[in-house]
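Structure first, then comments.
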Amino acid sequence: MGMLRDVPLPTEPIDRFAPIVGQEQVDRVLAAGARVRAAAPDRIIWNVNSTEVGGGVAEMLRPLISYARGAGADARWVVMGGSPEFFHITKRLHNALHGAAGDGSALGAPERAIFDEISKANACELLTRVRPGDAVLLHDPQTLGLAHPLRAHGAHVIWRCHVGTDERNDQTALGWAFLRDYLTDIRVCVFSRPSYVPREIGEERVAIVHPSIDPFSTKNQELSPDTVRGILAHVGLIGAAPGPTSFTRADGSPARVDRCADVVGLGPPPSAEVPLIVQVSRWDDLKDPIGVMQGFAKLVEGDAPPAHLLLAGPNVHGVADDPDAARVFDEVTCAFRALPHYVRRAVSLASIPTADVDENAAIINALQRHASIVVQKSLREGFGLTVTEAMWKRRPVVASAIGGIVDQIDDGVHGLLLPDPTDLDAFASALRRILADPKLAAALGEAAYTRARDKFLALRSLLEYAALVERVTRG
Ligand code: UDP
(Lines give C-alpha, C1' and ligand atoms only; values in the text may rest on other atoms or scores of the structure.)
Protein backbone atom coordinates (compact mmCIF):
# COMPACT_ATOMS: atom_id res chain seq x y z
CA MET A 1 0.00 0.00 0.00
CA GLY A 2 1.26 3.50 -0.81
CA MET A 3 2.18 6.12 1.78
CA LEU A 4 0.42 9.07 0.15
CA ARG A 5 -3.27 9.72 -0.04
CA ASP A 6 -4.85 12.23 -2.41
CA VAL A 7 -7.69 14.17 -0.88
CA PRO A 8 -10.22 14.88 -3.60
CA LEU A 9 -11.50 18.44 -3.38
CA PRO A 10 -14.09 20.42 -5.28
CA THR A 11 -13.46 23.71 -7.06
CA GLU A 12 -15.33 26.35 -5.08
CA PRO A 13 -16.33 29.69 -6.58
CA ILE A 14 -15.06 32.64 -4.59
CA ASP A 15 -17.67 35.16 -5.69
CA ARG A 16 -19.92 33.88 -2.91
CA PHE A 17 -17.73 35.99 -0.58
CA ALA A 18 -18.77 39.25 -2.23
CA PRO A 19 -21.83 39.89 0.00
CA ILE A 20 -19.67 39.37 3.09
CA VAL A 21 -16.35 41.06 2.31
CA GLY A 22 -17.16 43.10 -0.80
CA GLN A 23 -16.54 42.59 -4.51
CA GLU A 24 -13.21 44.40 -4.39
CA GLN A 25 -11.55 41.72 -2.26
CA VAL A 26 -13.00 39.00 -4.47
CA ASP A 27 -11.60 40.75 -7.55
CA ARG A 28 -8.17 41.01 -5.97
CA VAL A 29 -8.09 37.27 -5.34
CA LEU A 30 -9.28 36.50 -8.86
CA ALA A 31 -6.56 38.75 -10.26
CA ALA A 32 -3.93 37.00 -8.12
CA GLY A 33 -5.20 33.60 -9.30
CA ALA A 34 -5.01 34.75 -12.90
CA ARG A 35 -1.43 35.95 -12.42
CA VAL A 36 -0.35 32.65 -10.83
CA ARG A 37 -1.94 30.76 -13.68
CA ALA A 38 -0.53 33.01 -16.41
CA ALA A 39 3.01 32.75 -15.01
CA ALA A 40 3.03 28.97 -15.55
CA PRO A 41 -0.25 27.48 -16.82
CA ASP A 42 0.80 23.89 -16.00
CA ARG A 43 2.12 24.59 -12.53
CA ILE A 44 0.51 22.58 -9.76
CA ILE A 45 0.41 23.95 -6.23
CA TRP A 46 0.67 21.01 -3.88
CA ASN A 47 -0.21 20.99 -0.20
CA VAL A 48 1.12 18.22 2.00
CA ASN A 49 0.16 17.52 5.60
CA SER A 50 -0.34 14.44 7.74
CA THR A 51 -4.04 14.11 8.49
CA GLU A 52 -7.19 14.60 6.53
CA VAL A 53 -9.41 15.10 9.54
CA GLY A 54 -9.16 16.53 13.06
CA GLY A 55 -7.29 19.62 14.07
CA GLY A 56 -6.96 23.05 12.62
CA VAL A 57 -4.65 22.32 9.70
CA ALA A 58 -6.97 19.84 8.00
CA GLU A 59 -9.82 22.21 8.73
CA MET A 60 -8.12 25.07 6.93
CA LEU A 61 -6.67 23.22 3.98
CA ARG A 62 -10.00 22.02 2.67
CA PRO A 63 -11.49 25.47 1.94
CA LEU A 64 -8.23 27.19 1.06
CA ILE A 65 -7.36 24.66 -1.61
CA SER A 66 -10.92 24.50 -2.96
CA TYR A 67 -11.08 28.30 -3.24
CA ALA A 68 -7.57 28.48 -4.74
CA ARG A 69 -8.93 26.20 -7.47
CA GLY A 70 -11.95 28.47 -7.76
CA ALA A 71 -9.58 31.40 -8.31
CA GLY A 72 -7.92 29.55 -11.18
CA ALA A 73 -4.94 27.77 -9.62
CA ASP A 74 -4.38 24.02 -9.96
CA ALA A 75 -4.11 23.40 -6.21
CA ARG A 76 -4.12 19.89 -4.71
CA TRP A 77 -3.91 18.17 -1.34
CA VAL A 78 -1.88 15.10 -0.48
CA VAL A 79 -1.71 13.47 2.96
CA MET A 80 1.56 11.77 3.88
CA GLY A 81 1.63 8.45 5.68
CA GLY A 82 3.60 7.38 8.74
CA SER A 83 4.09 4.71 11.37
CA PRO A 84 3.02 5.01 15.03
CA GLU A 85 6.71 5.60 15.90
CA PHE A 86 6.89 8.43 13.36
CA PHE A 87 3.76 10.13 14.70
CA HIS A 88 5.02 9.69 18.25
CA ILE A 89 8.14 11.63 17.27
CA THR A 90 6.22 14.30 15.37
CA LYS A 91 3.82 14.77 18.29
CA ARG A 92 6.88 15.20 20.52
CA LEU A 93 8.16 17.83 18.07
CA HIS A 94 4.74 19.52 18.03
CA ASN A 95 4.85 19.82 21.82
CA ALA A 96 8.48 21.00 21.78
CA LEU A 97 7.71 23.81 19.31
CA HIS A 98 4.93 24.84 21.69
CA GLY A 99 7.58 24.92 24.45
CA ALA A 100 6.16 21.83 26.18
CA ALA A 101 7.92 18.58 27.06
CA GLY A 102 5.04 16.29 26.16
CA ASP A 103 5.99 12.80 27.31
CA GLY A 104 9.63 13.88 27.64
CA SER A 105 10.82 11.27 25.16
CA ALA A 106 14.12 11.68 23.35
CA LEU A 107 14.67 13.54 20.09
CA GLY A 108 18.05 12.11 19.19
CA ALA A 109 19.71 10.06 16.48
CA PRO A 110 17.35 7.03 16.63
CA GLU A 111 14.34 9.33 16.31
CA ARG A 112 15.97 11.16 13.42
CA ALA A 113 16.57 7.82 11.68
CA ILE A 114 12.85 6.96 11.92
CA PHE A 115 11.85 10.47 10.83
CA ASP A 116 14.17 10.28 7.81
CA GLU A 117 13.08 6.79 6.83
CA ILE A 118 9.37 7.69 6.74
CA SER A 119 10.10 10.99 5.01
CA LYS A 120 12.08 9.16 2.35
CA ALA A 121 9.28 6.64 1.71
CA ASN A 122 6.80 9.50 1.28
CA ALA A 123 9.20 11.52 -0.86
CA CYS A 124 9.70 8.58 -3.25
CA GLU A 125 6.01 8.61 -4.05
CA LEU A 126 5.63 12.36 -4.04
CA LEU A 127 8.39 12.83 -6.59
CA THR A 128 6.48 10.73 -9.08
CA ARG A 129 3.70 13.35 -9.02
CA VAL A 130 5.40 16.67 -8.40
CA ARG A 131 7.14 18.14 -11.43
CA PRO A 132 10.09 20.53 -11.44
CA GLY A 133 8.70 24.05 -11.24
CA ASP A 134 5.66 23.06 -9.18
CA ALA A 135 5.12 24.82 -5.85
CA VAL A 136 4.79 22.68 -2.73
CA LEU A 137 3.42 23.93 0.57
CA LEU A 138 4.51 21.61 3.36
CA HIS A 139 2.49 21.89 6.55
CA ASP A 140 3.95 21.46 10.03
CA PRO A 141 7.02 19.52 11.25
CA GLN A 142 5.66 16.15 10.07
CA THR A 143 6.39 17.09 6.46
CA LEU A 144 9.76 18.80 6.82
CA GLY A 145 11.76 15.73 5.79
CA LEU A 146 10.25 16.12 2.31
CA ALA A 147 11.86 19.52 1.75
CA HIS A 148 15.27 18.37 0.57
CA PRO A 149 14.15 15.79 -2.00
CA LEU A 150 11.54 18.21 -3.33
CA ARG A 151 14.01 21.03 -3.75
CA ALA A 152 16.57 18.73 -5.35
CA HIS A 153 13.81 17.77 -7.77
CA GLY A 154 13.30 21.41 -8.76
CA ALA A 155 10.14 22.21 -6.82
CA HIS A 156 9.63 25.54 -5.01
CA VAL A 157 9.13 24.67 -1.37
CA ILE A 158 7.22 26.71 1.21
CA TRP A 159 6.87 25.48 4.77
CA ARG A 160 3.81 26.51 6.77
CA CYS A 161 4.41 26.05 10.50
CA HIS A 162 1.08 26.13 12.33
CA VAL A 163 2.52 25.76 15.82
CA GLY A 164 4.63 28.06 17.93
CA THR A 165 5.07 29.90 21.19
CA ASP A 166 6.09 33.41 22.16
CA GLU A 167 8.66 32.15 24.63
CA ARG A 168 11.88 30.28 24.08
CA ASN A 169 12.83 27.49 26.47
CA ASP A 170 14.85 24.26 26.46
CA GLN A 171 12.00 22.47 24.68
CA THR A 172 11.77 24.93 21.80
CA ALA A 173 15.58 24.73 21.52
CA LEU A 174 15.37 20.92 21.37
CA GLY A 175 12.63 20.98 18.74
CA TRP A 176 14.33 23.53 16.49
CA ALA A 177 17.69 21.75 16.85
CA PHE A 178 16.03 18.61 15.51
CA LEU A 179 14.45 20.46 12.58
CA ARG A 180 17.24 22.92 11.76
CA ASP A 181 18.86 20.90 8.96
CA TYR A 182 15.58 20.41 7.12
CA LEU A 183 14.89 24.15 7.01
CA THR A 184 17.75 24.98 4.67
CA ASP A 185 15.78 23.73 1.66
CA ILE A 186 12.79 25.96 2.27
CA ARG A 187 12.40 29.18 0.30
CA VAL A 188 9.85 30.77 2.63
CA CYS A 189 8.71 29.71 6.09
CA VAL A 190 5.24 30.87 7.11
CA PHE A 191 4.25 31.44 10.74
CA SER A 192 1.09 32.64 12.46
CA ARG A 193 2.92 35.31 14.50
CA PRO A 194 6.31 37.06 14.23
CA SER A 195 7.21 35.91 17.74
CA TYR A 196 7.03 32.24 16.62
CA VAL A 197 9.90 32.62 14.16
CA PRO A 198 12.96 30.77 15.48
CA ARG A 199 16.41 32.33 15.33
CA GLU A 200 17.40 29.67 12.82
CA ILE A 201 15.39 31.39 10.08
CA GLY A 202 16.46 34.78 8.72
CA GLU A 203 13.69 37.32 8.24
CA GLU A 204 14.22 37.39 4.46
CA ARG A 205 12.75 33.87 4.40
CA VAL A 206 9.77 34.57 6.67
CA ALA A 207 6.13 35.38 6.02
CA ILE A 208 3.31 35.83 8.50
CA VAL A 209 -0.20 34.56 7.69
CA HIS A 210 -3.09 34.41 10.14
CA PRO A 211 -5.11 31.21 10.04
CA SER A 212 -8.62 31.62 8.71
CA ILE A 213 -12.01 29.95 8.52
CA ASP A 214 -14.47 29.32 5.72
CA PRO A 215 -17.83 30.93 6.49
CA PHE A 216 -19.57 28.58 4.04
CA SER A 217 -18.12 25.30 5.30
CA THR A 218 -20.26 22.69 7.00
CA LYS A 219 -18.60 23.82 10.24
CA ASN A 220 -19.62 27.45 9.84
CA GLN A 221 -22.68 27.57 7.58
CA GLU A 222 -25.93 29.02 8.95
CA LEU A 223 -28.16 26.54 10.78
CA SER A 224 -31.66 27.43 11.91
CA PRO A 225 -32.29 27.36 15.69
CA ASP A 226 -34.59 24.35 15.12
CA THR A 227 -31.87 22.46 13.31
CA VAL A 228 -29.31 23.32 15.99
CA ARG A 229 -31.60 21.82 18.62
CA GLY A 230 -32.59 18.92 16.38
CA ILE A 231 -28.97 17.93 15.75
CA LEU A 232 -27.91 18.24 19.39
CA ALA A 233 -30.98 16.34 20.63
CA HIS A 234 -30.39 13.59 18.06
CA VAL A 235 -26.71 13.09 18.95
CA GLY A 236 -27.59 13.05 22.66
CA LEU A 237 -25.98 16.29 23.83
CA ILE A 238 -29.09 18.16 24.94
CA GLY A 239 -32.57 17.15 26.03
CA ALA A 240 -35.07 18.52 23.50
CA ALA A 241 -37.88 17.27 21.28
CA PRO A 242 -36.71 15.68 18.02
CA GLY A 243 -36.23 18.22 15.23
CA PRO A 244 -34.58 18.57 11.84
CA THR A 245 -30.98 17.35 11.58
CA SER A 246 -30.27 18.44 8.04
CA PHE A 247 -27.17 20.23 6.81
CA THR A 248 -25.35 20.85 3.55
CA ARG A 249 -22.23 18.85 2.80
CA ALA A 250 -18.99 20.43 1.57
CA ASP A 251 -19.89 19.27 -1.94
CA GLY A 252 -23.26 21.05 -1.73
CA SER A 253 -25.40 17.94 -1.35
CA PRO A 254 -28.02 17.73 1.42
CA ALA A 255 -27.45 15.34 4.32
CA ARG A 256 -28.73 14.50 7.79
CA VAL A 257 -26.86 13.88 11.03
CA ASP A 258 -27.24 10.19 11.65
CA ARG A 259 -24.60 9.00 14.15
CA CYS A 260 -24.67 9.84 17.86
CA ALA A 261 -22.02 11.24 20.17
CA ASP A 262 -20.32 8.94 22.64
CA VAL A 263 -21.05 10.73 25.91
CA VAL A 264 -19.61 10.32 29.40
CA GLY A 265 -21.92 11.98 31.91
CA LEU A 266 -24.40 11.44 34.70
CA GLY A 267 -28.05 10.99 33.93
CA PRO A 268 -29.89 12.57 31.01
CA PRO A 269 -28.31 15.34 28.92
CA PRO A 270 -28.96 18.94 30.02
CA SER A 271 -32.20 20.51 28.88
CA ALA A 272 -31.94 22.83 25.89
CA GLU A 273 -32.75 25.73 28.22
CA VAL A 274 -29.69 25.28 30.44
CA PRO A 275 -26.81 27.54 29.35
CA LEU A 276 -24.12 25.40 27.80
CA ILE A 277 -20.43 26.19 28.23
CA VAL A 278 -18.52 24.45 25.45
CA GLN A 279 -14.89 23.71 24.70
CA VAL A 280 -14.26 21.93 21.38
CA SER A 281 -10.75 20.52 21.08
CA ARG A 282 -8.66 17.52 20.28
CA TRP A 283 -7.97 15.50 23.44
CA ASP A 284 -4.62 17.13 24.14
CA ASP A 285 -2.98 18.17 27.43
CA LEU A 286 -2.22 21.60 25.95
CA LYS A 287 -5.97 22.26 25.60
CA ASP A 288 -6.19 21.72 29.38
CA PRO A 289 -9.51 19.84 29.45
CA ILE A 290 -8.99 18.87 33.09
CA GLY A 291 -8.32 22.51 34.03
CA VAL A 292 -11.53 23.52 32.26
CA MET A 293 -13.49 20.99 34.34
CA GLN A 294 -11.85 22.07 37.57
CA GLY A 295 -12.44 25.74 36.81
CA PHE A 296 -16.06 24.98 36.00
CA ALA A 297 -16.32 23.15 39.35
CA LYS A 298 -15.43 26.42 41.04
CA LEU A 299 -18.29 28.10 39.19
CA VAL A 300 -20.73 25.42 40.31
CA GLU A 301 -19.48 25.62 43.89
CA GLY A 302 -20.04 29.39 43.95
CA ASP A 303 -23.27 31.26 43.71
CA ALA A 304 -23.64 30.97 39.93
CA PRO A 305 -26.61 30.68 37.61
CA PRO A 306 -27.10 27.04 36.55
CA ALA A 307 -25.01 25.97 33.58
CA HIS A 308 -23.66 22.80 32.03
CA LEU A 309 -20.11 22.18 30.79
CA LEU A 310 -19.54 20.17 27.65
CA LEU A 311 -16.05 19.14 26.58
CA ALA A 312 -16.25 17.90 23.02
CA GLY A 313 -13.53 16.34 20.93
CA PRO A 314 -13.05 13.92 18.09
CA ASN A 315 -13.44 10.23 18.68
CA VAL A 316 -9.99 9.26 20.04
CA HIS A 317 -9.27 6.97 17.13
CA GLY A 318 -10.26 9.58 14.58
CA VAL A 319 -7.11 11.70 14.28
CA ALA A 320 -4.29 9.86 12.54
CA ASP A 321 -1.37 12.01 13.68
CA ASP A 322 -2.41 12.47 17.32
CA PRO A 323 -1.27 9.42 19.31
CA ASP A 324 -1.85 11.03 22.74
CA ALA A 325 -5.60 11.35 22.34
CA ALA A 326 -6.63 8.04 23.95
CA ARG A 327 -4.42 8.59 27.00
CA VAL A 328 -5.63 12.16 27.48
CA PHE A 329 -9.25 11.12 27.11
CA ASP A 330 -8.73 8.40 29.76
CA GLU A 331 -7.18 10.95 32.12
CA VAL A 332 -10.01 13.42 31.53
CA THR A 333 -12.52 10.64 32.27
CA CYS A 334 -10.71 9.78 35.53
CA ALA A 335 -10.67 13.46 36.53
CA PHE A 336 -14.39 13.64 35.73
CA ARG A 337 -15.06 10.66 38.00
CA ALA A 338 -13.11 12.35 40.78
CA LEU A 339 -15.40 15.41 40.74
CA PRO A 340 -18.06 15.69 43.45
CA HIS A 341 -21.37 14.21 42.33
CA TYR A 342 -23.16 17.58 42.12
CA VAL A 343 -20.47 18.94 39.78
CA ARG A 344 -20.37 15.79 37.68
CA ARG A 345 -24.09 16.14 37.02
CA ALA A 346 -23.34 19.39 35.23
CA VAL A 347 -20.47 18.07 33.07
CA SER A 348 -20.45 15.94 29.91
CA LEU A 349 -17.52 14.62 27.91
CA ALA A 350 -18.48 14.00 24.31
CA SER A 351 -16.56 12.13 21.64
CA ILE A 352 -17.94 13.33 18.34
CA PRO A 353 -17.95 10.73 15.54
CA THR A 354 -15.37 11.38 12.82
CA ALA A 355 -16.34 8.65 10.33
CA ASP A 356 -18.07 11.28 8.21
CA VAL A 357 -16.12 14.57 8.21
CA ASP A 358 -19.14 16.64 7.19
CA GLU A 359 -21.34 15.09 9.84
CA ASN A 360 -18.67 15.79 12.46
CA ALA A 361 -18.51 19.41 11.29
CA ALA A 362 -22.30 19.79 11.39
CA ILE A 363 -22.41 18.56 14.99
CA ILE A 364 -19.61 20.95 16.03
CA ASN A 365 -21.38 23.77 14.19
CA ALA A 366 -24.59 23.10 16.12
CA LEU A 367 -22.70 22.90 19.40
CA GLN A 368 -20.89 26.19 18.86
CA ARG A 369 -24.15 27.88 17.85
CA HIS A 370 -26.01 26.53 20.86
CA ALA A 371 -23.26 27.43 23.34
CA SER A 372 -23.92 30.28 25.73
CA ILE A 373 -20.15 30.60 26.12
CA VAL A 374 -17.38 29.07 24.04
CA VAL A 375 -14.22 28.39 26.00
CA GLN A 376 -10.66 27.86 24.79
CA LYS A 377 -8.59 27.59 27.95
CA SER A 378 -5.50 26.23 26.21
CA LEU A 379 -2.10 26.30 27.88
CA ARG A 380 -0.46 26.80 24.47
CA GLU A 381 -2.13 27.75 21.21
CA GLY A 382 -0.53 28.65 17.90
CA PHE A 383 -3.83 30.21 16.87
CA GLY A 384 -7.22 28.96 17.98
CA LEU A 385 -9.43 28.11 15.04
CA THR A 386 -12.19 27.17 17.45
CA VAL A 387 -11.99 30.74 18.74
CA THR A 388 -12.56 32.21 15.28
CA GLU A 389 -15.35 29.71 14.60
CA ALA A 390 -17.13 30.83 17.75
CA MET A 391 -16.55 34.51 16.97
CA TRP A 392 -18.07 34.07 13.52
CA LYS A 393 -21.14 32.58 15.25
CA ARG A 394 -21.41 35.65 17.50
CA ARG A 395 -20.62 33.66 20.62
CA PRO A 396 -19.03 35.23 23.69
CA VAL A 397 -15.63 33.56 24.09
CA VAL A 398 -13.53 33.04 27.21
CA ALA A 399 -10.00 32.15 26.15
CA SER A 400 -6.42 32.14 27.35
CA ALA A 401 -4.37 35.24 26.60
CA ILE A 402 -1.67 33.18 24.94
CA GLY A 403 -0.18 32.73 21.50
CA GLY A 404 -2.30 33.73 18.54
CA ILE A 405 -5.43 34.13 20.64
CA VAL A 406 -4.24 37.61 21.66
CA ASP A 407 -4.27 38.55 17.95
CA GLN A 408 -7.80 37.20 17.64
CA ILE A 409 -9.41 38.80 20.67
CA ASP A 410 -8.94 42.17 22.36
CA ASP A 411 -9.85 41.53 25.96
CA GLY A 412 -13.24 42.92 26.91
CA VAL A 413 -14.05 43.82 23.28
CA HIS A 414 -14.32 40.61 21.26
CA GLY A 415 -14.34 38.21 24.22
CA LEU A 416 -12.75 37.81 27.64
CA LEU A 417 -9.11 36.78 27.97
CA LEU A 418 -7.46 34.97 30.85
CA PRO A 419 -4.00 36.48 31.51
CA ASP A 420 -3.05 33.29 33.37
CA PRO A 421 -4.83 30.22 31.97
CA THR A 422 -3.98 28.24 35.11
CA ASP A 423 -5.85 30.72 37.33
CA LEU A 424 -9.06 28.74 37.79
CA ASP A 425 -10.72 31.37 39.98
CA ALA A 426 -10.29 33.97 37.24
CA PHE A 427 -11.68 31.48 34.72
CA ALA A 428 -14.74 30.80 36.89
CA SER A 429 -15.35 34.50 37.42
CA ALA A 430 -15.12 35.24 33.65
CA LEU A 431 -17.77 32.56 33.06
CA ARG A 432 -19.91 33.96 35.86
CA ARG A 433 -19.63 37.49 34.46
CA ILE A 434 -20.98 36.47 31.07
CA LEU A 435 -23.68 34.16 32.42
CA ALA A 436 -24.97 36.93 34.66
CA ASP A 437 -24.94 39.66 32.01
CA PRO A 438 -26.80 38.86 28.76
CA LYS A 439 -26.08 42.37 27.42
CA LEU A 440 -22.34 41.82 27.81
CA ALA A 441 -22.66 38.40 26.17
CA ALA A 442 -24.46 39.88 23.17
CA ALA A 443 -22.03 42.81 22.81
CA LEU A 444 -18.98 40.53 22.93
CA GLY A 445 -20.59 38.20 20.39
CA GLU A 446 -21.44 41.01 17.97
CA ALA A 447 -17.95 42.54 18.14
CA ALA A 448 -16.45 39.07 17.73
CA TYR A 449 -18.42 38.50 14.53
CA THR A 450 -17.23 41.76 12.98
CA ARG A 451 -13.65 40.99 13.91
CA ALA A 452 -13.80 37.48 12.42
CA ARG A 453 -15.39 38.84 9.22
CA ASP A 454 -12.81 41.56 8.77
CA LYS A 455 -9.65 39.66 9.66
CA PHE A 456 -9.96 35.91 9.71
CA LEU A 457 -11.87 34.66 6.67
CA ALA A 458 -10.34 32.37 4.03
CA LEU A 459 -10.28 34.93 1.23
CA ARG A 460 -7.76 37.05 3.05
CA SER A 461 -5.35 34.14 3.56
CA LEU A 462 -5.79 33.14 -0.06
CA LEU A 463 -4.46 36.49 -1.17
CA GLU A 464 -1.47 36.10 1.15
CA TYR A 465 -0.70 32.57 -0.10
CA ALA A 466 -1.00 33.69 -3.72
CA ALA A 467 1.59 36.38 -3.01
CA LEU A 468 3.87 33.73 -1.48
CA VAL A 469 3.57 31.43 -4.46
CA GLU A 470 4.39 34.35 -6.74
CA ARG A 471 7.35 35.21 -4.52
CA VAL A 472 8.93 31.74 -4.52
CA THR A 473 8.31 30.92 -8.17
CA ARG A 474 9.55 34.25 -9.49
CA GLY A 475 13.04 33.91 -11.04
N1 UDP B 1 -12.56 19.99 15.59
C2 UDP B 1 -13.50 19.20 14.94
N3 UDP B 1 -14.06 18.16 15.58
C4 UDP B 1 -13.75 17.86 16.87
C5 UDP B 1 -12.79 18.67 17.54
C6 UDP B 1 -12.20 19.73 16.86
O7 UDP B 1 -13.83 19.47 13.77
O8 UDP B 1 -14.30 16.91 17.40
C9 UDP B 1 -11.99 21.13 14.84
C10 UDP B 1 -12.35 22.48 15.43
O11 UDP B 1 -13.66 22.86 15.07
C12 UDP B 1 -11.27 23.35 14.80
C13 UDP B 1 -10.09 22.40 14.75
O14 UDP B 1 -10.60 21.08 14.88
O15 UDP B 1 -11.62 23.71 13.48
C16 UDP B 1 -9.12 22.67 15.87
O17 UDP B 1 -8.31 23.74 15.51
P18 UDP B 1 -7.55 24.62 16.59
O19 UDP B 1 -6.75 25.64 15.87
O20 UDP B 1 -8.55 25.14 17.58
O21 UDP B 1 -6.61 23.58 17.36
P22 UDP B 1 -5.57 22.47 16.84
O23 UDP B 1 -6.30 21.17 16.85
O24 UDP B 1 -5.11 22.88 15.47
O25 UDP B 1 -4.49 22.49 17.87
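The values are calculated or read from the model by the stated rules, or taken from the named source; none is laboratory data. Quick caveat, the model's predicted, so the values are computed rather than measured. Every residue, glycine as well, gets a Cβ built from its backbone with ideal geometry; the counts of neighbours run over all protein chains shown. Side chains are part of the model used for accessible areas, which takes the heavy atoms of the whole protein and leaves out ligands, DNA and RNA. Shrake-Rupley method; radii C 1.70, N 1.55, O 1.52, S 1.80 Å.
For the reader, a short list of remarks on this structure follows.
- In the chain, a dipole from Cβ-located charges (positive for Lys and Arg, negative for Asp and Glu) runs towards its positive end, and of ILE402, ALA38, LEU93 it is ALA38 whose Cα lies farthest in that direction.
- A Cβ-based charge dipole, computed about the Cα centre of the stretch 322-475 with Lys and Arg at +1 and Asp and Glu at -1, lands at about 400 debye.
- Computed about the Cα centre, the dipole magnitude for the chain is approximately 680 debye when only Lys and Arg (+1) and Asp and Glu (-1) carry charge, each at its Cβ.
- The portion of the accessible surface of the stretch 343-424 made up by carbon and sulfur, rounded to a whole percent, is 43 (1.4 Å probe; DNA, RNA and ligands excluded).
- Rolling a 1.4 angstrom probe over the protein heavy atoms with all chains in place gives the chain an accessible area of 39 Å² per residue.
- Which of SER119, ALA241, HIS317, positive extreme of dipole for the chain (C-beta unit charges): ALA241
- The stretch 55-214 - percent relative contact order, Cα under 8 Å, separation 6 or more: 22
- Residue ranges 51-60, 175-184, 291-300, 91-100 sort as 91-100, 291-300, 51-60, 175-184 when ordered by packing (mean number of other C-beta atoms within 10 Å per residue, highest first).
- Principal-axis tilt of helix 56-70 within the chain, Cα atoms, nearest 10 degrees: 60
- Cα centre as origin, Lys/Arg/Asp/Glu Cβ charges: the stretch 249-369 dipole, Debye: 380
- Computed over the chain: relative contact order in percent, which uses C-alpha pairs under 8 Å that are six or more apart: 16
- Most tightly packed first, judged by the mean number of other beta-carbon atoms within 10 Å of their residues, the peptides 424-432, 337-345 read 424-432, 337-345.
- Shape of the stretch 254-345 from the C-alpha gyration tensor: oblate (a/c of 1.5 or more and a/b not above b/c, with a ≥ b ≥ c the square roots of its eigenvalues).
- DSSP bridge orientation in the chain - percent antiparallel, rounded to nearest 5: 15
- For the stretch 95-201, the square roots a ≥ b ≥ c of the C-alpha gyration tensor eigenvalues yield an a/c of 1.5 or more together with a/b not exceeding b/c, which makes the shape oblate.
- Helix 23-39 and the long axis of the chain differ in direction by around 30°, with both axes built from C-alpha atoms.
- Cα shape, the stretch 410-475, gyration tensor, a/c 1.5 rule: oblate
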